[in-house]
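Have a look at the structure below before the remarks.
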Amino acid sequence: MKSLRIAAVLLPVLGVLSLFCAPCQAGSISLSSSMTISATAKDITVTVRLENRGDSAAHDVRTLLSILDQRLASETVTRLPPGKALKISYFRKVDPVPKGSFPAVLLTDYADETGAAFSALHVAAFDTKPGIRTNLVTQTAPAEIAKSAKLRLTVENPGDRARDIRVRLILPREFTGKDRNRVFLLDSGEQRGLDFTVENRSALEGAAYSAAFMAEYDEDYVHHTVVAESRLTVVPERGLLGRLRPLWWAVLGLCVLGFIIALLRRKGLSTY
């Protein structure tokens, strides 16, 4: 009888502890992407490589490529296991292909085994003709975000003439921001810092995302693009509640445990 009572106490306790340990044991998905882009006088070809470097499978994987005013969507891949990679090819006629360096924006949507939706961003610049020389320097830095954060981009014009610069901030779906498009005149030799406020919509604590700045200008009938990628790491809130979150969970667990033990003791006393 005594052993049965001990088991009756231990089983609920183990169940409660498993609830608190479950988030720590959950698998992770980490999608790495790269693009190979080639352009001829009348068409572009893009080969995308996606690799799951996590320890859990990605489900319903789908990519959306934005390039030269074209939006190209891939078919959905039902499951991408951990450690596996896939290739997606895009081909599109563009007549004529403009001269210069241009951005290619790749947004990958996927889900985990519970159906929760996530996204991953990769942005690169490519040349449509040989010998394109883009004379613009950009610099950014990684940032930590809980609810919101500031991303800073520094743009420098080392050229010998002023340029009309257009800057865009591209974010994954889990984030948003205001005033993400800026247009300004940058004099020869001038350097300017731009601050962008990013809001966290649904990114989970501990996750890391890529964000990208695209700085563009036109000169002598040639388009120029520079891409600067930043890293957003999601961290706990810095307020008192955020810092004490582990303590609140521990207190809650002890309260639940105490309630269960008290309930079992009361049932035991009532049997006599």
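The values are calculated or read from the model by the stated rules, or taken from the named source; none is laboratory data. Predicted model, so just to flag it, every value in this text is computed and none were measured. Ideal geometry is used to build each Cβ from the backbone, glycine not excepted, and the neighbour counts take in all protein chains shown.
Spot the failing condition for residue 49; the list is (1) in the same structural domain as residue 119 (by TED's automatic domain parsing); (2) modelled with pLDDT under 95; (3) within 25 Å of residue 208 (Cβ to Cβ), and only one is missed. Evaluating residue 49 over (1) in the same structural domain as residue 119 (by TED's automatic domain parsing); (2) modelled with pLDDT under 95; (3) within 25 Å of residue 208 (Cβ to Cβ) leaves (2) as the failure. Scanning segment 91-133 for residues that are of a type in the set (Phe, Trp, Tyr) and surrounded by 13 or more Cβ atoms within 10 Å (Cβ to Cβ) turns up 102, 110, 118, 126.
Could you go through segment 137-158 and let me know if any residue there is outside any strand (DSSP E or B), of a type in the set (A, V, I, L, M, F, W, C), more than 20 Å from the chain's Cα centre (by Cα) and within 14 Å of residue 224 (Cα to Cα). There is no residue in segment 137-158 that is outside any strand (DSSP E or B), of a type in the set (A, V, I, L, M, F, W, C), more than 20 Å from the chain's Cα centre (by Cα) and within 14 Å of residue 224 (Cα to Cα). Every condition in (1) within 26 Å of residue 74 (Cα to Cα); (2) among the charged types (D, E, K, R); (3) assigned to a loop (DSSP other than H, G, I, E, B) is met by residue 109 except one, and the failing one is (3). Among the residues examined, residue 77 does not qualify as crowded, with 18+ Cβ neighbours inside 10 Å, touching a residue at least 12 places away in the same chain (Cβ under 8 Å) and not acidic (Asp, Glu).
Only one entry in 18, 34, 28, 66 is closer than 21 Å to residue 211 by Cα, surrounded by fewer than 16 Cβ atoms within 10 Å (Cβ to Cβ) and at pLDDT below 95, namely 28.
Being more than 18 Å from residue 234 (Cβ to Cβ), polar (S, T, N, Q) and in the same structural domain as residue 148 (by TED's automatic domain parsing): is that true of residue 200 here? The answer is no for residue 200. Regarding residue 119, is this residue at pLDDT 95 or above and not assigned by TED's automatic domain parsing to the domain that holds residue 39? No.
Residue-level check: of (1) buried (at least 19 other Cβ atoms within 10 Å of the Cβ); (2) closer than 12 Å to residue 195 by Cα; (3) among the charged types (D, E, K, R), residue 152 misses just (1). If the condition is being crowded, with 19+ Cβ neighbours inside 10 Å and farther than 26 Å from residue 132 by Cβ, then segment 208-222 contributes only 209. In segment 112-130, the residues that are part of a strand (DSSP E or B) form Cβ pairs under 8 Å with partners that are among the acidic types (Asp, Glu), at six or more places apart or across chains, as follows: 117/109; 118/109; 118/112; 118/174; 119/109; 119/174; 123/229. Of the residues making up segment 160-197, just one is surrounded by 15 or more Cβ atoms within 10 Å (Cβ to Cβ), in contact with a Lys or Arg (Cβ under 6 Å, 6 or more places away or on another chain) and over 22 Å from residue 105 (Cβ atoms), namely 186. In the set 187, 220, only one residue is touching a strand residue (DSSP E or B) at 6+ places or on another chain (Cβ under 9 Å) and of a type in the set (Asp, Glu); that residue is 187.
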